[in-house]
Every structure is written in C-alpha cells, then in structure tokens.
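See below for the structure under consideration.
The values are calculated or read from the model by the stated rules, or taken from the named source; none is laboratory data. Predicted model, so just to flag it, every value in this text is computed and none were measured. Quick reminder, even Gly has a Cβ in these numbers, built from the backbone with ideal geometry, and neighbours come from all protein chains shown.
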Amino acid sequence: MRVLISGAAGFLGSHLTDLLLSQGHEVVGVDNFITGKPDNIKHLEGNKAYAFIKHDVIVPLDVDGPVDRVYHMASPASPIGYVKHQVATVKVNSQGTWNLLDLTLAKNGRFLMASTSECYGDPQVNPQPESYWGNVNPIGLRSMYDEPKRFSEACTMAYHRELGADTRIIRIFNTYGPRMDPHDGRVVISFIRQALNDEPLTVFGDGKQTRSLCYVSDLVRGINGVMESDFHEPINLGNPEELTILDIAKEVLALVPGSKSTITHLPMPPDDPKVRKPDITRAKQILGWQPVVSRREGLAKMIEFYRGALKQ
Ligand code: NAD
Ligand code: UDP
C-alpha cells in the first residue's frame, strides 16, 4: 500500500513510518517541522520506499498517485508545545483534519485521526472508557488542543456518516520512547533529561496526580491495528498501568544509578488532569491488542537512547 503520514517527523509519526516500511509499504511523510525534527527521519534518507514532503497540512495538499491510507498524526502534542503554538494547534486539528479527509475521499483511501485522552479532560470517571464524554474546560490553557481534537473526531464522524468516508479514530494516552523532543516538557522525557544531566526532577504539585505510560512500539502497533480494523468509532490506545507522577520520578531515578539529581516540587499548571488511565477493553476485544513492554524495559531503552543523544 501507499501510506501518507502527517506529522511524520514527530515522535509517533517517525516510529509509525518505521513500522509501515518494515511491513513493505511505501510511505509518504508530510511535516512542517513546527515541533518535529529532521533528525527523526534522517535514517530514511535514500530509502526508495520513502518520500518526504515539507508541507503545512493547514493548506490543502496535492499528492500524485494513489494514497491508500492517511494517518493524521500532525499536531503539537505537549502542553508547552500547544500553548506556544495555540493557533497552529487549533488549525491543524480543524482545517488540517478536513483537508486530509478531503484528500482521503479524492483518493478513495482510508483515514485515521490521531485523537487523544485529552478528550476526556480532567476526568470524573477513572479509568476512562470510550463511552465517557469527558470534562473539558472549553477556554482553558489546554483548550486549544482538547477542543479541536474533539472537533476532529466530530468532523471525522460527519465525513464518515454523510460522505461515506472510510475512517478510524484513536484516542492516544501518554506514550514515551526515543525521539521525543528533550525540551517539549512532557513528563517522561523531562525526568530522563534531568536525571542524566544531574538536574532536579521537577514534579508539579504534590506529584499525586496519575498517568499511565505506554511504550512507543506498543502504541504504533496498536495504531496500525486500528487502521486495519473495521471499527469506525474511537478506540483508546494506551497502557492501563496507572501510577503517580512522583512514582514516575522515583522509577526514573532508580534507573539512572549515579545520578546526582533530587526531586523538587513546582506549582501545578492549571487544568492539569488529576487522574488518567485508559480502559482498553475495546482495543482488546476488537484488535486483540494490549501493551507488552513493561515500564522498566521501556524506560531503560529510552534512557539508553538519551544517554547518547543528549551528549550530541
Ligand atoms: P510530535 O510533536 O513529536 O509530532 C507531531 C508532528 O506533527 C511534528 O513533527 C510536527 O512538526 C508536525 N506538525 C504539527 N503541525 C503540523 C502541520 N500543520 N503540518 C504538518 N506537520 C505538522 O508529537 P507526537 O507525540 O508524535 O504526537 C503525534 C500525534 O499523536 C499528535 O496528533 C498528538 O496529538 C497525538 N497524541 C500523542 C500522544 C503522546 O503521548 N505522544 C498522546 C495523545 C495524542
Ligand atoms: N509533570 C511534572 N513535571 C514535569 C512535566 C510534567 O510533574 O516536568 C506532570 C504534569 O503536571 C502532569 C503529568 O506530569 O500531571 C503529565 O504531564 P505531560 O506534560 O507529560 O502530559 P499530560 O498528560 O499532562 O498531557
């Protein structure tokens, strides 16, 4: 198949590219580098099955030849990133979404929307099943991300219902691994960078808020599984093992022996969800998918990657 990935130079887009190339598909990567990096796709230079288009998907995109699959992964994804690029985040998850839906229809292909656990906002139900409608502040400091992602889901379902577009929706929960931007402020990469540099690990608030961390290889396998399934409504993808942020800090420190880092507490940012844990019953039933990489193994791999990468 010929597959188009928006956000292909980002963390998840680049790993998804590697998976699809390993399956023998051709990949067309599209990115404008607003938060992604050329380094993430450098290893693909000279690969005949890979083409890259530098393009902002807010602008309609012309692609020659067939496009069988469109993975819409483009969007700033860290709380720091989407506050820094508020308007771009709103646009890539609205105009960007329907531009790629139009391209999918024109090419008679299949579309997958990378939505997010942020659709559940600060959830009042834990764990979160797909049937939960969420608790989102429509004007808060996460709204430029949460609300357009919710809109993207609505847009995707409208194209599916009225225009017959062949669509899939995933809600991704916190994922970690190599190629995350060391300075995008997300918790795992921040703690690893701080631990490797002997800086204090910055826990926001008392650190009792929870998250559930999925390793990137598990996640991209799930994304691909959803694309090749027959299911049109949202599917949660994430690792259901929930822990506190303070425990994440302690685990990272334990995996970097010799680090001189301590733990420091900084003020809690506004609208920070107090709990987050995916209910993955649907993914298990429909795809037979569940994460297999333990946190210990995933964190160790990521730490090894950044031991080298941070020195450069
Ligand atoms: P990332 O920032 O590493 O990658 C996003 C990529 O999209 C970047 O390369 C960026 O340059 C590109 N991009 C952004 N706007 C663009 C535009 N208008 N045109 C072209 N390219 C554009 O982030 P990520 O973690 O890889 O996230 C990928 C997707 O997954 C995002 O849609 C994000 O919302 C979603 N997601 C990720 C997580 C996670 O834990 N990583 C969780 C929930 C949802
Ligand atoms: N967090 C933290 N210190 C950091 C970065 C994040 O304590 O340096 C906390 C943050 O307050 C949140 C959780 O870790 O409760 C996850 O933050 P992240 O930015 O990774 O993503 P989120 O799940 O909030 O979108």
Open item on the list: Here are the criteria: (1) within 19 Å of the chain's Cα centre (by Cα); (2) within 15 Å of ligand 2 (Cβ to nearest atom); (3) closer than 30 Å to THR281 by Cβ. Tell me which single one LEU100 does not satisfy.
Closed with: (2)
- [ ] Quickly run through segment 1-37 and pick out the residues that are of a type in the set (Ser, Thr, Tyr) and either more than 16 Å from ligand 2 (Cβ to nearest atom) or modelled with pLDDT under 95 (or both).
- [x] SER6, SER14, THR17, SER22
- [ ] Would you confirm whether any residue within segment 49-61 is in contact with a Pro (Cβ under 7 Å, 6 or more places away or on another chain) and either under 19 Å from ILE170 (Cβ atoms) or not in a helix (DSSP H, G or I) (or both)?
- [x] no
Task: Matching residues, segment 62-78, being buried (at least 20 other Cβ atoms within 10 Å of the Cβ) and farther than 12 Å from MET1 by Cβ - done: HIS72, MET73, ALA74, SER75, PRO76, ALA77, SER78
Open item on the list: I want to confirm something. Restricting to segment 243-276 and keeping residues that are near ligand 2 (Cβ under 9 Å from one of its atoms), in a helix (DSSP H, G or I) and in contact with a helix residue (DSSP H, G or I) (Cβ under 7 Å, 6 or more places away or on another chain), which single residue is nearest to ASP206 (Cα to Cα)?
Closed with: ILE245
TODO: Write out, first by first residue and then by second, each pair whose Cβ atoms fall under 9 Å of each other, whose residues are 6+ apart or on separate chains, and whose first residue, in segment 140-163, is closer than 10 Å to SER94 by Cα and among the acidic types (Asp, Glu) while the second is surrounded by 15 or more Cβ atoms within 10 Å (Cβ to Cβ) and at pLDDT below 95.
DONE: none
Open item on the list: Any residue in segment 177-202 that is at positive phi sitting within a Cβ distance under 6 Å of a residue that is crowded, with 19+ Cβ neighbours inside 10 Å and assigned to a helix (DSSP H, G or I)? List the pairs, counting only those 6 or more apart or interchain.
Closed with: GLY177/VAL216; GLY177/MET302; ARG179/PHE11; ARG179/SER14; ARG179/ASN40
Task: The lone exception for SER259 - which of (1) closer than 15 Å to LEU196 by Cβ; (2) in contact with a Lys or Arg (Cβ under 8 Å, 6 or more places away or on another chain) it fails - done: (2)
Open item on the list: When the residues of segment 237-295 are narrowed to those that are loosely packed, with under 13 Cβ neighbours inside 10 Å, of a type in the set (Val, Ile, Thr) and farther than 27 Å from MET227 by Cβ, which ends up farthest from the chain's Cα centre (by Cα)?
Closed with: THR262
